[in-house]
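The values are calculated or read from the model by the stated rules, or taken from the named source; none is laboratory data. Quantities reported herein were computed from a predicted structural model and do not represent experimental measurements. FYI the Cβ positions are ideal-geometry reconstructions off the backbone, even for glycines, and counts take in every protein chain you see.
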């Protein structure tokens, strides 16, 4: 399990509107593409330098494909990264102000402190 890789996915996808839309509509395809093409590149590096060993576990991959922010949090992804990305993807589907944010919080309400470790 790599909290770093989960957080890197959430961070990089959230910063590109095209990737946000691909993740919203074709999550399995985007996760596979991202893992093959971006996962091992250095964050914010434009030199082409890359590693070869980073990969999602099946549990991580399934949570990403399923847009399962609760499971992602349980796996250690940072809740602000999931929240900002998921707002970009799903807030437009709601009618009331903050409706998505309230549902996001309610889905995590069963968790109590100490929360999963989100340090990378």
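What to note about this one:
- Filter result for residue 18 (over 14 Å from the mean Cα position of the chain (by Cα), at pLDDT below 95 and more than 21 Å from residue 76 (Cβ to Cβ)): no
- Conditions (1) at negative phi; (2) at pLDDT 95 or above; number of the one not met by residue 67: (1)
- Test: residue in the range 82-97 that is modelled with pLDDT under 90, surrounded by 14 or more Cβ atoms within 10 Å (Cβ to Cβ) and under 16 Å from the mean Cα position of the chain (by Cα): no
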